[in-house]
Each structure stands twice: as structure tokens, then as C-alpha cells.
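The structure appears right after this line, and notes come after that.
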Amino acid sequence: MRRRTKLSHLPLNALRAFEATARNLSFTRAGLELRVTQAAVSQQVKALEDRLGAQLFRRLPRGVALTDEGQALLPSIVEAFGRLNEAVNRFEDGRYQDVITIGVVGTFASGWLLPRLDTFKKAYPRIDLRLFANNNRVDIAGEGLDYAIRFGDGLWHGTNATRLMGASFTPFCAPALARRLSRPADLKREVLLRSYRQDEWSRWFAAAGLLSPVIKGMVFDSSITIASVAARGTGVALLPAEMFRDEIRQRRLVRPFKTEVTLGDYWITSLHSRQPSSAMLSFKGWLLETIAAKAEAPARNSRSR
């Protein structure tokens, strides 16, 4: 029975020589990259092959080619060196940089989170955020996320969910289109832009005391896209006003009616199985405190009047 090779017995230089040779398919080019001679690279690879008891390259008249064994080993070596390089790069001024990976529904990312990221960075300069916007369809485990910020009812299997804020939806459209709307029933004559939430318009019409028309036409998977289409005058969008303050302030979108309907809330979620790191707790705490402070500001202003 062949003795099993221990990872601690594998020389790092030999693994680096193997990885560089596999990328370049040449001992010579690998040597130039690693700043050693071609002979040194060849010897390191041969030593690794002897240690593993397997041939990793076929030596050709010009260059080399990976064997099946080499092909099988390469992905793990590339991943290992990538993770090692990432970990080393996290050190700055002798201190380790924490990384948090977050998936964020695009509307919340552009309408609330991104404008406030500078304040988080100033408060926590040692935490690096990696943000990935999505259309509310997210796989926390499959995408390797620490957190996912989502819109909905907070009931996602296998996750902890903490409510961030509510979202009241109301119609928005371009100023020119709004001029021909005098009462909610007038919307039945317009193109009503739809999302994947099929009951949103029927719920809004019910809140306005009206029967909903049969709604047909294009369906969009993002409120950001719907808002852009509405701003072009193509139709009327049902949007959360809080997330489109810039468009409202610049009058790219106007609100023809006051009636609102609540379709869900924004939540920060993580896997039950994920033990939160100190960096994760810092981000979540900052997020909740910032939202709470914003909610308290109008109440303080009203009391001071």
C-alpha cells in the first residue's frame, strides 16, 4: 500500500512551479515568471511528481502538456493560491481587513444603501464590503453571501430575517403623462407597467376603492427598470417612493395620487447555519442604527416646531 502524502510535506515552491508551468505550458516561461531558471522549475515539478507518485506533465519537444492527473490537481491548486493571495492582501498597515459579501436587491442598493456607504466606510475603515445587486432572487449559500438584503414578507427558508423598513408603493409616471390624470380611475386608460408581483396593481386599485382592470403587457423583474421605462413616458409604474427620491426631486417621475399600498418590507437575512463574524455584526448594527436615526429625524423636527 502506497504511503499517503501529507499536505504539510508538499513544498510550496514546487506547488507554485506546477501552477505557473500549467498556466504557461512551458518550464521556460514559468521560470521567467518566477525569476528562477528553467532547470529549477523542471526540478521542482519533478520533485512534486515524485512526492505524489504521479506524472503531472507530458514533456513535449516544445513545451509541456498536462496529464489527466495534472488536470485533476490544477483547479485545487489555483483555488488554494487564490485564497492565500486574497488573505495576504487583506493585511494593510499590519492589520487584517475584514470582508463582508452582501447581495442587495437593486432598488434598495441604489435608492438607499449606496448613498450612505461613505459613512459606513468612515466608521469602519477596516471592513471591505463586496456588494452584488440582484432582482430579489438570491441563493445565499450558493452565492457565498454573508447577508442578503431582500424585499418581501421575511419568510425565507433556512434564514434569519431582521426587518429594516417598510415600503409603501404608489403610482409614478412622467410629468407629461401625469397631466392627463385627474382621478385614480383615469389609470385604467394608461399602460400599467408590471413586475413579477402579479397582484400589486389589483391591491393598489382596491386601496383606492376601485376594481382593477385586466392588466396586460410587458413584465419587468426590477423596480429600477420599471422606473426608467416610466420616466420615458411609456406607462405608469407602481414604486416605493422612498427608493426614488432623486428621480422625484429632479421631476423625472411625479406622483399623481396619494393612495399607497404596502406590498412588503426590506429585510436583512443570513443563513441559520452562518455564525456572524464581528464584521457582519458591525455592518448590521450600523444599518439598523442608520435607519432608526432617519426614522426619528422627522419626529424630532415636528416636536421642535
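The values are calculated or read from the model by the stated rules, or taken from the named source; none is laboratory data. All figures in this text were calculated on a predicted structure; none of them were measured in a lab. Note that each Cβ is placed from the backbone with ideal geometry, even for glycine, and that neighbours are counted across all protein chains shown.
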Practice item. Please find, among Ala17, Ala22, Ala30, the residue that is in the same structural domain as Leu73 (by TED's automatic domain parsing), in a helix (DSSP H, G or I), at pLDDT 90 or above and farther than 14 Å from Leu73 by Cβ. Key: Ala30
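Taking into account only those residues within the stretch 178-195 that are surrounded by 15 or more Cβ atoms within 10 Å (Cβ to Cβ) and among the small types (Gly, Ala, Ser), which is nearest to the chain's Cα centre (by Cα)?
Within the stretch 178-195, the match that is nearest to the chain's Cα centre (by Cα) is Ser195.
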Practice item. Only residues that are under 14 Å from Thr170 (Cβ atoms) and under 29 Å from the mean Cα position of the chain (by Cα): list them for the stretch 196-210, please. Key: Glu200, Trp201
Point to revise | Condition met for Asp221 (in contact with a Ser or Thr (Cβ under 9 Å, 6 or more places away or on another chain), surrounded by fewer than 15 Cβ atoms within 10 Å (Cβ to Cβ) and among the acidic types (Asp, Glu)) | key: yes
Check your understanding: If you go through the stretch 104-121 one residue at a time, do you hit one that is modelled with pLDDT under 90, in the same structural domain as Glu289 (by TED's automatic domain parsing) and closer than 26 Å to Lys216 by Cβ?
Key -> no
Exercise for review: Could you tell me which residue of the stretch 104-128 is surrounded by the most Cβ atoms within 10 Å (Cβ to Cβ), considering only residues that are assigned to a strand (DSSP E or B) and over 10 Å from the mean Cα position of the chain (by Cα)?
Suggested key: Ile127
Point to revise | Residue list for the stretch 196-211, filter: buried (at least 17 other Cβ atoms within 10 Å of the Cβ) and farther than 30 Å from Leu271 by Cα | key: Trp201, Trp204, Phe205, Ala208
Check your understanding: Quick one: which of Ala206, Ala161, Ala148 is within 20 Å of Leu263 (Cα to Cα), touching a Phe, Trp or Tyr at 6+ places or on another chain (Cβ under 7 Å) and of a type in the set (Gly, Ala, Ser)?
Key -> Ala161
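Give Ala47, Ala65 a once-over and let me know the one that is within 14 Å of Leu15 (Cα to Cα), touching a residue at least 24 places away in the same chain (Cβ under 8 Å) and in the same structural domain as Ala14 (by TED's automatic domain parsing).
Just one listed residue meets the conditions, Ala47.
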Practice item. Could you list all residues from the stretch 110-163 that are among the aliphatic types (A, V, I, L, M) and within 13 Å of Ser270 (Cβ to Cβ)? Key: Val138, Ile140, Ala141, Leu145, Ala148, Ile149, Ala161
Point to revise | Filtered residues of the stretch 268-294 (kept if buried (at least 16 other Cβ atoms within 10 Å of the Cβ), among the aliphatic types (A, V, I, L, M) and in a helix (DSSP H, G or I)) | key: Ala279, Met280, Leu287, Ile291
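Kindly provide the set of residues from the stretch 155-177 that are within 10 Å of Val254 (Cβ to Cβ) and crowded, with 17+ Cβ neighbours inside 10 Å, ordered by number. Walk me through how you get there before you give the answer.
Within the stretch 155-177, the subset within 10 Å of Val254 (Cβ to Cβ) is 171-177.
Of everything in the stretch 155-177, those that are within 10 Å of Val254 (Cβ to Cβ) and crowded, with 17+ Cβ neighbours inside 10 Å turn out to be Pro171, Phe172, Cys173, Ala174, Leu177.
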Revision key, fill the gap. Within the stretch 39-69, the count of residues that are in a helix (DSSP H, G or I) and surrounded by fewer than 15 Cβ atoms within 10 Å (Cβ to Cβ) comes to 4
